[in-house]
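Worksheet: the structure to be examined is printed underneath.
We did not get these values from a lab; they are worked out from the coordinates using the rules stated. Every value quoted in this text rests on a predicted model; they were computed, and no experiment measured them. Reconstructed Cβ throughout: ideal geometry from the backbone, glycine too, with neighbour counts over all protein chains shown.
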Amino acid sequence: MSEFGEFVGGAEIGRLFGISRQRVYQLTSRADFPKPVAELAMGNVWRTDDVRGWARSHERAMPGDDPA
């Protein structure tokens, strides 16, 4: 399991990609970005594996990924 656990919010996505909150919003607003599994008062929540899969399909390296 990732250091971030099974689920991530926007702050964790920012840390995974090394990007700003504004860029997280841009990415998570894309039609091809995974849909959140929950919409909480604190913000949306995604499955870490879904975000990692999206990153791999868009050639975005993330910590913990195997360079294949």
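On a full-extension model of 0.36 nm per residue, what is the gain between Arg30 and Asp49, subtracting their alpha-carbon distance, rounded to one decimal in nm? Don't skip to the answer; put the middle values down first.
On the way: separation 19, 0.36 × 19 = 6.84 nm, distance 1.75 nm.
Taking 0.36 nm per residue and subtracting the Cα distance, the gain is 5.1 nm.
In segment 1-54, which GluC sites (Glu not before Pro) are in a loop and have at most 13 other Cβ atoms within 10 Å, using DSSP for the loop call? Could you put the intermediate results ahead of the total?
Values: sites: Glu3, Glu6, Glu12, Glu39; in loops: Glu3, Glu6.
Qualifying residues, ordered by number: Glu3, Glu6.
Short version: ³J(HN,Hα) in whole Hz for each residue of segment 34-42, in order, from phi by Karplus 6.51 cos²θ - 1.76 cosθ + 1.60 (θ = phi - 60°), x for Gly and Pro, what are they?
The phi angles translate into x, 6, x, 8, 7, 10, 9, 4, 7 Hz.
Long-range amide H contacts for Phe7: which residues qualify at under 5 Å (H placed 1.01 Å from N, peptide plane, sequence gap of 5 or more or a different chain)?
Under 5 Å from the amide H of Phe7: Thr48.
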